[in-house]
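One structure is given here, and the rest of the page talks about it.
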Amino acid sequence: MTDNTDMAAAERYFGAIRAALDGLGVFLNNQDSPFYKHDLVAQTVSEYLQRLDASFECWRNRLGFAERFRISKAESGFPVFQNVLELENDKKDAKERLAAIPPAEALRGEMADFILRNREFPRDLQKTMAERIYLEAVNQGEVFSPFLLPVTIRVSVNPKTLRPFYVVHWGAFDGASNLPLIYMAIIEDSSENMVETLVDKDGKLNNKVRIPLPVGGLLNPDLARRFDDFAAKNSAYSLSPVTIATSLDQDFPELHPKQLRRVVLGPFYTAGITEHNQKVADVLEQVREPEDAWLLTWTLQEVFSKAEKPGKRGLWSSEPAREEFHINTDDLEAARQGVSHYEKHALVPHEAYQALYASGEAAEIFKGFETHILSNGQVISGI
């Protein structure tokens, strides 16, 4: 359920989400962070955070002339999908619309002249200026689109299978849950042409082949377009990681997904705006500074292959190799999510954490979460 927010509430919301994303950025860039044990994960998530931050900057500018912004107040705490679609559409024609609006200096001159002549504020000109600022930001920024195409960021060789493997990531803003999703996968490739090209006679990555990473799409050019289509159709939050990995394994006989990670950003809680947890809302209302009255959660999900069932080649029929994915059935929540492993995290400003602790609700609210406290530009973990 969503509602229109008034301008004051919108400003509080934008201030809180900016503080939350900045805090998460501090956490990711901390080399001692217990969250990510691999630098590639932190680096990748940081790139998507920058896109999300650019999107929020655009939406904030858009309020200056559109005066309308909707968030998922009772569910994710993030903007509803319609905002993401509008931003994507505006990105397509931003240059054309900018060409039809006078330059910023000319608008400032018109505004000053209007004030002198009419002794009142030029609201229409202010909206035109706001639209120009918005379109400039849209035109320049790498925003978080409904779907962000896969990118290959690393290639190496598995010494056991003598196949090249790729580290690939992509992103999606889920339209049903209104949540930003980040995917990372480690995929081996048994295509004959890629094995011949990338693996040398010693079973190592062929150093004669220059690969200027990152590469847009899957590194295998014969499968890149199909892989893009697969990722676009199989990135919904409603699909479990094991379902996505299994579909990938079945749809591409030459590709062998060894690991799939998904980072689910949210839900996000803001005092006086979000309504998806009344206990959290009541306590956050007591926090003195609005920019400290928030709580950001995220979940890291992972599914990995525990073994590969060898393919069979016969005279009349053949079967490709298949992965056997590990699901942690000893953990009911892991089994429900369809993962080998998962972690739930919460980031909260120090003042908000103190309020939650004083209320006696902290233990229940943070049950099952690894809690991280943002204080004076630093993040304290392991609380």
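From the list Ser76, Ser55, pick out the single residue that is small (Gly, Ala, Ser), in contact (Cβ under 8 Å) with a residue 60 or more places away in the chain, crowded, with 17+ Cβ neighbours inside 10 Å and assigned to a loop (DSSP other than H, G, I, E, B).
Answer to the selection: Ser76.
State yes or no: is Val199 over 23 Å from Asp251 (Cα atoms) and either more than 30 Å from the chain's Cα centre (by Cα) or not assigned by TED's automatic domain parsing to the domain that holds Trp298 (or both)? First the steps, then the outcome.
Numbers: over 23 Å from Asp251 (Cα atoms): yes; either more than 30 Å from the chain's Cα centre (by Cα) or not assigned by TED's automatic domain parsing to the domain that holds Trp298 (or both): yes.
In short, yes.
Checking Thr329 against (1) out of contact with any strand residue (DSSP E or B) (no Cβ under 6 Å at 6 or more places or on another chain); (2) β-branched (Val, Ile, Thr); (3) under 28 Å from Ala10 (Cα atoms), only one condition comes out false. Which one?
Single failed check for Thr329: (3).
Out of curiosity, is Met1 among the hydrophobic types (A, V, I, L, M, F, W, C), modelled with pLDDT under 85, farther than 17 Å from Tyr269 by Cα and loosely packed, with under 14 Cβ neighbours inside 10 Å?
no
Answer yes if at least one residue in the stretch 335-348 is over 22 Å from the mean Cα position of the chain (by Cα), at pLDDT 95 or above and surrounded by 13 or more Cβ atoms within 10 Å (Cβ to Cβ), and no otherwise.
There is at least one residue in the stretch 335-348 that is over 22 Å from the mean Cα position of the chain (by Cα), at pLDDT 95 or above and surrounded by 13 or more Cβ atoms within 10 Å (Cβ to Cβ).
Per-residue answers, yes or no, for (1) in contact (Cβ under 8 Å) with a residue 60 or more places away in the chain; (2) farther than 30 Å from Glu361 by Cβ:
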{"site": "Ser247", "(1), (2)": "no, yes"}
{"site": "Thr274", "(1), (2)": "yes, no"}
{"site": "Glu285", "(1), (2)": "no, no"}
{"site": "Arg288", "(1), (2)": "yes, no"}
{"site": "Lys306", "(1), (2)": "no, yes"}
{"site": "Phe325", "(1), (2)": "yes, yes"}
{"site": "Asn328", "(1), (2)": "no, no"}
{"site": "Glu343", "(1), (2)": "yes, no"}
{"site": "Val348", "(1), (2)": "no, no"}
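Tell me whether the stretch 138-150 contains one or more residues that are closer than 16 Å to Leu52 by Cα and out of contact with any helix residue (DSSP H, G or I) (no Cβ under 8 Å at 6 or more places or on another chain).
The answer is yes, given that some residue of the stretch 138-150 is closer than 16 Å to Leu52 by Cα and out of contact with any helix residue (DSSP H, G or I) (no Cβ under 8 Å at 6 or more places or on another chain).
Restricting attention to the stretch 364-383, which residues are free of Cβ contacts under 8 Å to residues at least 60 places away in the same chain and either touching a strand residue (DSSP E or B) at 6+ places or on another chain (Cβ under 8 Å) or part of a strand (DSSP E or B) (or both)?
Phe366, Gly368, Thr371, Ile373, Ser375, Ile380, Ile383
Within the stretch 80-115, track down each residue that is in contact with a Leu (Cβ under 9 Å, 6 or more places away or on another chain), in contact (Cβ under 8 Å) with a residue 40 or more places away in the chain and surrounded by 15 or more Cβ atoms within 10 Å (Cβ to Cβ).
Within the stretch 80-115, Asp90, Ala94, Leu98 qualify.
Does Thr152 meet the test of being part of a strand (DSSP E or B) and either outside the structural domain of Glu323 (by TED's automatic domain parsing) or among the polar types (S, T, N, Q) (or both)?
The answer is yes for Thr152.
If you scan the stretch 361-379, which residues turn out to be surrounded by 14 or more Cβ atoms within 10 Å (Cβ to Cβ) and of a type in the set (A, V, I, L, M)?
Ala362, Ile365, Ile373, Leu374, Val379
How about the stretch 216-317: which helices (runs of 4 or more DSSP H) wholly inside it have at least 2 residues that are among the basic types (Lys, Arg)?
224-233
Does Asn178 fit the bill of being touching a helix residue (DSSP H, G or I) at 6+ places or on another chain (Cβ under 8 Å) and more than 30 Å from Glu75 (Cα to Cα)?
Values: touching a helix residue (DSSP H, G or I) at 6+ places or on another chain (Cβ under 8 Å): yes; more than 30 Å from Glu75 (Cα to Cα): no.
For Asn178, the condition - touching a helix residue (DSSP H, G or I) at 6+ places or on another chain (Cβ under 8 Å) and more than 30 Å from Glu75 (Cα to Cα) - is not met.
The values are calculated or read from the model by the stated rules, or taken from the named source; none is laboratory data. Note that this is a predicted model, so its numbers are computed, not measured. Counting neighbours? That spans all protein chains shown, and the Cβs are built from the backbone with ideal geometry, glycine included.
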